[in-house]
Structures are given as C-alpha cells and as structure tokens.
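Rule-based calculations on the coordinates, nothing more; no lab input. The model shown is predicted, which means the values in this text are computed figures rather than measured ones. Because the Cβ atoms are built from the backbone with ideal geometry, glycine has one as well, and the counts that use them run over all protein chains shown.
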Amino acid sequence: MKTFNSIADFYAKDQTFVTIGTFDGVHFGHQKILEKLVLESKKADKKSVLLTFFPHPRMVLQKDVKIELINTIKERENLLEKTGLDYLIIHPFSEEFSRTTALEFVRDTLVNKLNISKLIIGYDHHFGKNREGNIEQLTEYSHLYDFTVEEIHAQDIDDVSVSSTKIRRALHSGNLKTANNYLGYSFTLNGVVVNGKKLGGKIGFPTANINVEESYKLIPKTGVYVVKSSIKNKTIFGMMNIGSRPTVNGNHQTIEVHFFDFNDDLYGENLTIQLLYFLRDEHKYDSVDDLIAQLKKDEKTARDFLQNEVP
C-alpha cells in the first residue's frame, strides 16, 4: 500500500476502484467494504483507492464539541496496511475543503484526479458541502462521468449494525468484549513510557506509565484491564489501570501497566498496548494494604483469564 498525504499528490494514470470515508476504527463493517473493494479491483485489473480525511471533519466543523476517535491517524494507517489496498490518500480536511460541492467533488476529485471506474460506498453515505451528496446524486453523476456506483448495506453482527459510535459507547461502558468483537481486533492504546511517581514499585507492582499524546484518542472507561504488548519482539502480558488512583490521593488520570514476569527499563519506549479483558472498575480502598490485596487478586484473575482464554 502506498500512502499519499493529499489528493494533490496523487495522479492515477490507470482507472481505479474507490471508496471514501473516515473509517475510524477500521471495524468489521469497514473491513467488509475494503475486502469487496480490493477483491473487485483485482478481478477488474484496476487499482484500489481509499480516500480518507484527517483531521476528522467534526474536529474542523464542530470545534466546540470534544471528539474521541477509536484510532489515531497512524493506527488507522497501520490497520489499513493489512487490507491489501493499493493506495491510501489521507487528505487534509479544512473549512475550505468542506465548501466543495458534491458536483465539484465528483468531477474534480473522483473523475479528474482519481480516474474513477467504480465507487464502492457504505450504506447511507453523504458527502460534499453540507453533506448534500447522497446515493441518488452519485448515481446521477456516475452516468454523466461514466463510472459505476455500488452501495453496500450495513453489515451486521448478531443482527446489530456495526458502527464506530456503538464501539465508542461499548468502550466507554467497559464492554470491551463487544467493542473488540465489532472491531475484529483488540482495541489498542499507543504511547511513550514516561516517569511517574514510582508508587507501584514501592508496593510490589511496578508500572509503566503510558502517555497517549493524541488528545483526540478515545480512552476507555476507568478501571483495570488485562493487556498484552510486544516488547523487544516478545509478547508480554500484564494488567493496566486507567484512572486517578484515588487510594493514594491521585488527582489526574493516568494509564499504568504492570507487566507480568518482566523487569526491564522501558522509559522512553513507544508501546502498543492491546486491551484483552475488562477486570473491574476503579475503586478507592481504605488503605494501601487493602489496595495491595486487591491487586494480588487482580493478578490471579488476569493470569487465570490468560491461561484459559488466550491461545
């Protein structure tokens, strides 16, 4: 897959099969669209193109509303790399670009820049200024500019339509199993290991403090999770706490991972943490001894889960 950071940088000499969208999460439903795009483009001997946008349009057009995304842009790119796409275009979304009409977008971008042969889109797709473009207009323009349009209906898991909104809701409620089922992979957090107060080491549970730099990245519900990470080409398991550490009078949210059977210095390392299982809510204990007792129980529960549930 070759990545371009603007539509202006891309020129297609050969005809392409295209899909469009933010694809936050690259979830099960997105994967079905991309699978179809890649398969059909190969059959037709065309190139597959995903046109996506960053920042997310709502980050530009609704600046007073906090937006949380399932993936950072780098995480999204890494997930898309696995789909077999030929080209990924990450176009900068701006207020100026938002004023592009549906006709201008089809003519100037899809036809003149992407040399489109077929457009494959998800159910109820809207585009262009004020989201004026829809499947009816696309079909009309496809006849005018000689390309075809195929709309894929909403994909279902157990009769529940998959959407990024539902995944965010599941993550906020601690329903990690549902979120991971919808995603088709384990939700991840990426960040650099930074210095903390080293309280974990003093009570027998040393932790790596993870700093997630991207302010728009969704942080799941506070609580304790079973996690895994790849460190120096080894899979290491552990448990992670997201929260303010109320028992030791913490006053801000931290993300701390205690890795099992692992003692190396990780300061400055950039880690990817995969969330496997939600253990429990965060709780304020009456004493540090009570907290230590609970952490020992958490570790046993986590190790039992890993032994019984993880291949």
Pseudo-spin-label distance D45 to S161, built 7 Å along Cα→Cβ, given in nm, is 3.9
What FRET efficiency would be calculated for the residue pair K13, K197, taking the C-beta separation as r and a Förster radius of 41 Å, to the nearest 0.05? 0.10
So, relative contact order of the chain in percent, Cα under 8 Å, 6 or more apart, is 16
Quick note on Y182, Y277, ordering by fewest other C-beta atoms within 10 Å, gives Y277, Y182
Whole-Å semi-axes of the chain's equivalent ellipsoid (Cα gyration tensor): 43, 19, 18
Once the other residues with Cβ under 14 Å from the Cβ of R99 are scored (Lys, Arg +1; Asp, Glu -1), what is the net sum? -3
How high is the relative contact order of region 186-309, in percent, with contacts defined as C-alpha pairs under 8 Å that are six or more residues apart? 31
Among region 33-58, those whose backbone N falls under 16 Å of a label point 7 Å along Cα→Cβ from N134 are none
Can you grab the distance from the C-alpha centre of region 37-111 to the C-alpha centre of region 233-277, Å, no decimals? 33
Given points 7 Å out from each Cα along the Cα-Cβ axis, report the D286 to E96 separation in nanometres with one decimal. 6.5
Find, to one decimal place in angstroms, the Kirkwood hydrodynamic radius of region 2-161, where the mean of 1/r is taken over every pair of different Cα atoms and then inverted. 16.1
Could you state the principal axis extents of the C-alpha atoms in region 186-309, from the largest down, to the nearest angstrom? 38, 35, 26
So what is the 222 nm mean residue ellipticity for the chain from helices alone, if each DSSP H run of at least 4 adds -39500 (n - 2.57) and you divide by all residues, rounding to the nearest 500 deg cm²/dmol? -8000 deg cm²/dmol
To the nearest 0.05, the calculated FRET efficiency linking T222 and L61 through their beta-carbon distance, R0 being 30 Å, is 0.50
